[in-house]
1. Per DSSP helix of 4 or more residues, -39500 (n - 2.57); summed, then divided by the residues of the chain. What does that give at 222 nm, rounded to the nearest 500?
2. Cut-off is 10 Å between beta-carbons; in what order do V282, V332 appear when sorted fewest neighbours first?
3. Tell me which of A550, P569, L538 sits at the most positive position along the dipole axis of the stretch 532-599, charges placed on C-beta atoms (Lys, Arg +1; Asp, Glu -1).
4. Sorted from fewest to most neighbouring beta carbons within 10 Å, what does the list S495, S338, S376 look like?
5. Given Cα positions, please report Rg to Rh for the stretch 42-91, the hydrodynamic radius being the Kirkwood one.
6. Quick one: check the C-alpha center-to-center distance for the stretch 175-191 versus the stretch 349-408, whole angstrom.
7. For the chain, evaluate the Debye formula with one uniform point scatterer on each Cα (no solvent term) and list log10 I(q)/I(0) at q = 0.07, 0.12 Å⁻¹, rounded to two decimals.
8. Net charge near G24: determine it from the other residues with C-beta under 13 Å of the C-beta of G24, scoring Lys and Arg +1 and Asp and Glu -1.
Amino acid sequence: MARAPLLQLSGISLTFGGNPIFDGLDLVVQPGDRVALVGRNGSGKSTLMKVMAGLVEPDHGVRVVPPGVTVGYMEQDPDLSGYETLGDYAASALDESESYRVAMVAEGLKFRPETPVATASGGERRRAALAKLLAEAPELMLLDEPTNHLDIQAIEWLETELSTTRTAFVLISHDRAFLRALTRATLWIDRGEVRRRESGFDGFEEWRETIWAEEDEARHKLERKIKAEAKWAVEGISARRKRNQGRVRALAALREERGSMIRRQGTAAMEFESGTTSGKRVIEAKGLFKTYGEKTIVQNFDLRVLRGDRVAFVGPNGVGKTTLLKMLVGEVAPDQGSVTLGTNLEIAVFDQTRAQLDPEASLWDNLTGDPSMRVSGASDQVMVRGVPKHVVAYLKDFLFDERQARAPVRSLSGGEKARLLLAKLMARPSNLLILDEPTNDLDVETLDLLQDILGDYDGTVLLVSHDRDFIDRVATATVALEGKGRATVYPGGWSDYAAQRPEAEAEAERNANKPQPKAEARPEPRSDGLTFTERKRLEALPALIERIEAEIAKLHDYLAAPDLFTKEPVKFRKATEALAERQQALAAAETEWLNLEERA
């Protein structure tokens, strides 16, 4: 016998600010459903979920939940007022005998129930909301971006929990790996229409592209038909005016149909422009050691970052990934060890707290008030990669409409704040990107675009992320911080790290269990494999490289004179030849240094 649905929406219509969000929406969630809810940022995913939860009343339509069925909703910004601790909030709907459930979930999600609400971060509040939902175990769970602010270990724990539960759930997430592992059906919101596919997220993008291709073909056929009918209306209507008024009305109807078609939202016009080329060696870290109190961040850590590398940093929340990043770019000094930065570095930083955005100021003021983007004497323009551009036109490149330009940043969604910060970073050239949790809140399409941009970027990228799929697509190396000062460099992305980790852990355990030789039995240090002359050359090369880079910089400045080519063509030619010769010498010196370093 068929079971009754857990939730049914019939004829749901909803309008915000005069714009229709949904019109005539029908939706059914059955017991055991595992549904991915996907769509562009701003398409109405969170709004639809709130309608499903009964938190937003539609203008028209009916929401039906059978008696005895409980629907739980995880809010992105939970209201914790009235509670002393996160644990009090998470257990607020449970009997005292069931409060143990919160402790069990808290262990997996890595949050401390005793944390006072007054001092809890936004991420801790989100984890408390997720713990509350999981501990209450309703018949239907509505999960809005549950993986945001979770580290990869907590995401994997949650993934296991949801994969084994019998509870139905509807899930909004930007994490492809999470969606692929858990979902069996897909709801896609696109321009107010909700389509359902009885298959999980894996394969969604192919399905979406097929639908869009069919839509484009239908639009093309309609355009051809309108052109044909319009031509007839001009050339053939005069002789048959009375008989063909129906055909004229049909032409008007075709034009109305075309006008009612809602065009797809484009992709943001995002682009990172590489600045001057950095030296081949971007960062050289040797023997780094750093502690905070009794907590060891890294010990005896070495890392070499070369131009063009994409290095991902992974590990549990609080293990020190951001601190290590700051050490590598010179913002934080190590307790021991050294960090050598390459030459000609132009650094752009995307911080996970979005601290570069003033939440009370408007989008307009956040851009025009940035000294690096300010155009002298023009309050309505910003400098974009050396070219003035109207602030509204630049905001439109990042999918903001004109009405949002004067709105405060605090009114934006998480994904919109991320896009605005990217707009600030992309306005100026750089050759070293520091991206700390850039993927939070971005929709799948924007993640695709960001991934492509990073693939084409000529500079170097240091990346902190908990998005396993994104790391796989972007990273050429992964640094795993695993606590107690242990940090290991693995070639490749997340999947490569996961495959190599068991072998590396086994090797570390074998080394730890080996009996240590007595002091008198220690062998003499091995030679570094270099001759005396080669060692001297290795010591001299860094200074030589710096000198050549300084000469290249001077030649660039000399050739930048606007009238040099016309007034002094001979000097221009000689300087150009000298620049090419110095660039070849730099490449040769860097290659020699790398080879000797590798042998040493």
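1. -13000 deg cm²/dmol
2. Working: V282 26, V332 15.
Ascending Cβ contact count within 10 Å gives the list V332, V282.
3. Going by the charge dipole, the pick is P569.
4. Values: S495 14, S338 10, S376 7.
So the residues, fewest neighbours to most, are S376, S338, S495.
5. Details: Rg = 13.9 Å, Rh = 13.2 Å.
With Rh from the inverse mean 1/r over Cα pairs, Rg/Rh is 1.05.
6. 33 Å
7. -0.58, -1.35
8. Working: positive: none; negative: D23, D26, D59, E193.
Within the 13 Å Cβ shell, the charges total -4.
Where a number appears in this text, it was derived from the coordinates with a stated rule and is not lab data. What you are looking at is a predicted structure, and each value in this text was computed from that prediction instead of being measured. All Cβ positions, glycine included, derive from the backbone under ideal geometry; neighbour counts span all protein chains shown.
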